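Let me begin by presenting the structure, written as C-alpha coordinates, before commenting on it.
The values are calculated or read from the model by the stated rules, or taken from the named source; none is laboratory data. All values reported here derive from a predicted model rather than from experimental measurement. No Cβ is skipped: glycine too gets one built from the backbone with ideal geometry, and neighbour counts run over all protein chains shown. Heavy atoms of the whole protein, side chains included, go into the accessibility calculation; ligands, DNA and RNA do not. Shrake-Rupley method; radii C 1.70, N 1.55, O 1.52, S 1.80 Å.
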Amino acid sequence: TRRRRLAGERGAGRLNFYLVVLLLAAAGYAAYQVVPVVYRASTYKVYMQDTVSKGAALGKDPEWVKTQLKNAGVEEYGLPPAALVETNVVGGRISARVRYTRPIDLTAYVYEYNFDHAVKSDKFLNAQ
(Lines give C-alpha, C1' and ligand atoms only; values in the text may rest on other atoms or scores of the structure.)
Protein backbone atom coordinates (compact mmCIF):
# COMPACT_ATOMS: atom_id res chain seq x y z
CA THR A 1 0.00 0.00 0.00
CA ARG A 2 2.83 2.38 0.80
CA ARG A 3 4.45 1.64 -2.55
CA ARG A 4 1.24 2.47 -4.44
CA ARG A 5 0.86 5.72 -2.55
CA LEU A 6 4.43 6.85 -3.40
CA ALA A 7 4.17 5.77 -7.04
CA GLY A 8 2.20 8.93 -7.85
CA GLU A 9 4.95 11.10 -6.35
CA ARG A 10 7.70 9.72 -8.52
CA GLY A 11 9.57 12.59 -10.27
CA ALA A 12 8.37 15.29 -7.87
CA GLY A 13 11.84 15.55 -6.34
CA ARG A 14 13.39 15.84 -9.78
CA LEU A 15 11.02 18.69 -10.70
CA ASN A 16 11.91 20.57 -7.51
CA PHE A 17 15.60 20.06 -8.27
CA TYR A 18 15.21 21.52 -11.77
CA LEU A 19 13.26 24.50 -10.42
CA VAL A 20 15.96 25.23 -7.85
CA VAL A 21 18.69 24.92 -10.49
CA LEU A 22 16.73 27.24 -12.79
CA LEU A 23 16.31 29.84 -10.03
CA LEU A 24 19.99 29.65 -9.09
CA ALA A 25 21.00 30.03 -12.74
CA ALA A 26 18.72 33.08 -13.13
CA ALA A 27 20.12 34.67 -9.98
CA GLY A 28 23.69 33.94 -11.12
CA TYR A 29 23.04 35.50 -14.54
CA ALA A 30 21.46 38.60 -12.97
CA ALA A 31 24.45 38.98 -10.65
CA TYR A 32 26.81 38.50 -13.61
CA GLN A 33 25.12 41.41 -15.39
CA VAL A 34 24.55 43.76 -12.43
CA VAL A 35 27.65 43.37 -10.22
CA PRO A 36 30.16 44.86 -12.72
CA VAL A 37 27.97 47.94 -13.24
CA VAL A 38 27.53 48.49 -9.50
CA TYR A 39 31.25 47.91 -8.87
CA ARG A 40 32.29 50.44 -11.52
CA ALA A 41 29.82 52.97 -10.10
CA SER A 42 31.23 52.42 -6.62
CA THR A 43 34.81 52.97 -7.74
CA TYR A 44 33.70 56.03 -9.74
CA LYS A 45 32.29 57.56 -6.54
CA VAL A 46 35.74 57.29 -4.96
CA TYR A 47 37.31 58.78 -8.09
CA MET A 48 34.83 61.68 -7.95
CA GLN A 49 35.81 62.54 -4.37
CA ASP A 50 39.52 62.24 -5.14
CA THR A 51 39.21 64.44 -8.24
CA VAL A 52 37.25 67.18 -6.47
CA SER A 53 39.69 67.22 -3.55
CA LYS A 54 42.67 67.25 -5.93
CA GLY A 55 41.16 70.10 -7.96
CA ALA A 56 40.60 72.15 -4.82
CA ALA A 57 44.12 71.46 -3.53
CA LEU A 58 45.67 72.50 -6.85
CA GLY A 59 43.46 75.59 -7.16
CA LYS A 60 41.77 74.32 -10.34
CA ASP A 61 38.44 75.67 -11.52
CA PRO A 62 35.22 73.60 -11.63
CA GLU A 63 35.50 73.22 -15.40
CA TRP A 64 38.79 71.32 -14.97
CA VAL A 65 37.09 68.98 -12.49
CA LYS A 66 34.19 68.46 -14.92
CA THR A 67 36.59 67.58 -17.75
CA GLN A 68 38.47 65.11 -15.54
CA LEU A 69 35.27 63.44 -14.37
CA LYS A 70 33.90 63.08 -17.90
CA ASN A 71 37.08 61.91 -19.63
CA ALA A 72 38.21 59.31 -17.10
CA GLY A 73 34.62 58.32 -16.38
CA VAL A 74 33.91 57.30 -19.97
CA GLU A 75 37.22 55.52 -20.47
CA GLU A 76 37.78 53.77 -17.13
CA TYR A 77 34.45 53.61 -15.30
CA GLY A 78 31.92 53.04 -18.07
CA LEU A 79 30.27 56.43 -17.70
CA PRO A 80 27.71 56.88 -20.51
CA PRO A 81 28.59 59.77 -22.84
CA ALA A 82 25.18 61.31 -22.14
CA ALA A 83 25.81 61.44 -18.36
CA LEU A 84 25.04 64.78 -16.72
CA VAL A 85 28.12 66.13 -14.94
CA GLU A 86 27.64 69.37 -12.95
CA THR A 87 30.40 71.21 -11.11
CA ASN A 88 30.44 74.51 -9.26
CA VAL A 89 31.85 76.34 -6.27
CA VAL A 90 29.64 76.52 -3.19
CA GLY A 91 30.86 78.10 0.02
CA GLY A 92 34.46 78.15 -1.18
CA ARG A 93 34.41 74.42 -1.93
CA ILE A 94 34.23 72.68 -5.28
CA SER A 95 31.23 70.41 -5.62
CA ALA A 96 30.35 67.92 -8.34
CA ARG A 97 27.27 65.89 -9.15
CA VAL A 98 27.00 63.12 -11.73
CA ARG A 99 23.73 61.57 -12.86
CA TYR A 100 22.98 58.87 -15.39
CA THR A 101 20.80 55.86 -16.03
CA ARG A 102 22.25 52.66 -17.44
CA PRO A 103 19.96 49.93 -18.79
CA ILE A 104 21.02 46.40 -17.82
CA ASP A 105 19.51 43.70 -20.00
CA LEU A 106 18.49 40.68 -17.94
CA THR A 107 16.99 38.87 -20.96
CA ALA A 108 13.37 38.87 -19.73
CA TYR A 109 13.61 42.30 -18.05
CA VAL A 110 15.61 45.49 -18.51
CA TYR A 111 16.78 46.90 -15.17
CA GLU A 112 17.40 50.64 -15.09
CA TYR A 113 20.41 51.35 -12.86
CA ASN A 114 20.23 54.96 -11.66
CA PHE A 115 23.43 56.69 -10.59
CA ASP A 116 23.12 60.02 -8.78
CA HIS A 117 26.06 61.03 -6.61
CA ALA A 118 27.32 64.37 -5.33
CA VAL A 119 30.66 65.19 -3.66
CA LYS A 120 32.33 68.28 -2.17
CA SER A 121 35.98 69.06 -1.74
CA ASP A 122 37.44 68.87 1.73
CA LYS A 123 37.42 72.33 3.25
CA PHE A 124 41.00 72.18 4.53
CA LEU A 125 42.29 71.33 1.04
CA ASN A 126 40.69 74.34 -0.63
CA ALA A 127 43.38 76.62 -2.06
CA GLN A 128 41.04 79.59 -2.58
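Observations, loosely collected:
- Its Cα gyration tensor gives the chain an equivalent ellipsoid, and the semi-axes of that ellipsoid, as √(5λ) in whole Å with the largest first, are 52, 13, 10.
- Potential lengthening of the chain between Arg99 and Leu19 amounts to 24.9 nm, from the contour at 0.36 nm per residue minus the alpha-carbon distance.
- By accessible area with a 1.4 Å probe, ligands and nucleic acids excluded, highest first: order of Thr51, Thr101, Thr43: Thr101, Thr43, Thr51
- Backbone N within segment 29-52 under 19 Å of label point (7 Å from Tyr111 Cα along the Cβ vector): 29-45
- Of Lys54, Lys45, Lys66, the one that fluctuates the most in a GNM where the chain has Cα springs shorter than 10 Å: Lys54
- Angle in degrees between helix 12-57 and the longest Cα principal axis of the chain, rounded to the nearest 10: 10
- Pairs of lysines in the chain (C-alpha under 15 Å apart; 8 or more residues apart or interchain): 10
- Electrostatic dipole magnitude of the chain [Cβ: Lys, Arg +1; Asp, Glu -1; Cα centre; debye, to 20]: 1000
- Accessible surface, the chain, averaged per residue in Å² (probe 1.4 Å): 69
- For the chain, the relative contact order is 24 percent, taking Cα pairs closer than 8 Å that sit 6 or more residues apart in sequence and dividing their mean separation by the residue count.
- Put simply, the Cα atoms of segment 34-85 extend 37, 20, 15 Å along their principal axes, the longest span coming first.
- Estimated from helical segments only, the mean residue ellipticity of the chain at 222 nm is -18500 deg cm²/dmol, where each DSSP H run of four or more residues counts as -39500 (n - 2.57).
- Spin-label model, Gln33 to Leu58: label points 7 Å out along the Cα-to-beta-carbon direction sit 3.9 nm apart.
- Between the amide H of Tyr113 and those of Arg102, Ile104, distances stay under 5 Å, these residues lying 5 or more places away or on another chain, with hydrogens modeled in the peptide plane.
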